[in-house]
Amino acid sequence: MKLLVLNGPNLNMLGIREPAIYGRETYQTLCDRVRAHCAEKGLEVELYQSNHEGDLIDKIQAAYGNADGIVINPGGYTHTSVALADALKAVSLPAVEVHLSDVNSREPFRQISYVRAACLKTVTGKGIDGYLEAVDFLANYRGENQ
Ligand code: DQA
């Protein structure tokens, strides 16, 4: 089973950006922890981060026929991007939306998610552990649905 773990704008700044909200762990640590978790579970994983909406859409489209599931933290595009939601719907791969922070208890604009309707599940407010939960969810989902 192969998973794509996508991170949107500013997630490369983890550890530096607003540590009181996003924590002190870096994007590199996030990648290391996701890779280690997937290796433990016998899952193949590709991690990709971009600050550009079109790059993220290209990556989702390229996952069609090449990946079995998508974990996505679209960063700020969560709250603005119809196009990212459309891309997820277009490839129709099982997807989980992840946010490090608890977006539901932050500003009202963060409580709107366009991608949510294209995802099977949303994990918020659990930091990097949320990505691991999303990976486990997709692994179990595949186990039950193939
Ligand atoms: C975020 C929450 C978004 O509102 C914000 O724009 C981000 C990160 C999170 O992981 O908590 O960039 O997706």
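Structure summary
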| read-out | value |
| --- | --- |
| Yes/no for residue 56 being surrounded by 18 or more Cβ atoms within 10 Å (Cβ to Cβ) and away from the ligand (no atom under 15 Å from the Cβ) | no |
| Any chance residue 61 is of a type in the set (S, T, N, Q), free of Cβ contacts under 8 Å to residues at least 12 places away in the same chain and either out of contact with any Ser or Thr (no Cβ under 7 Å at 6 or more places or on another chain) or outside any helix (DSSP H, G or I) (or both) | no |
| Residue 93 under 11 Å from the mean Cα position of the chain (by Cα) and either modelled with pLDDT of 95 or more or under 13 Å from residue 60 (Cβ atoms) (or both) | no |
| Residues being part of a helix (DSSP H, G or I), among the small types (Gly, Ala, Ser) and within 15 Å of the ligand (Cβ to nearest atom) - total across segment 67-125 | 4 |
| Residues of segment 25-58 that turn out to be under 21 Å from residue 90 (Cα atoms) and part of a loop (DSSP other than H, G, I, E, B), as a count | 2 |
| Meets criteria (under 20 Å from residue 12 (Cβ atoms) and in contact with a strand residue (DSSP E or B) (Cβ under 9 Å, 6 or more places away or on another chain)) for residue 30 | yes |
| Where residue 129 falls short, out of the listed (1) under 24 Å from residue 39 (Cβ atoms); (2) in contact (Cβ under 8 Å) with a residue 24 or more places away in the chain | (2) |
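Conditions tested, residue by residue: (1) within 12 Å of residue 6 (Cβ to Cβ); (2) touching a residue at least 60 places away in the same chain (Cβ under 8 Å).
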residue: 40; (1), (2): no, no
residue: 50; (1), (2): yes, no
residue: 65; (1), (2): no, no
residue: 72; (1), (2): yes, yes
residue: 99; (1), (2): no, no
residue: 108; (1), (2): no, no
residue: 115; (1), (2): yes, no
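The values are calculated or read from the model by the stated rules, or taken from the named source; none is laboratory data. Quick caveat: nothing in here was measured; it's all calculated off a predicted structure. Every residue, glycine as well, gets a Cβ built from its backbone with ideal geometry; the counts of neighbours run over all protein chains shown.
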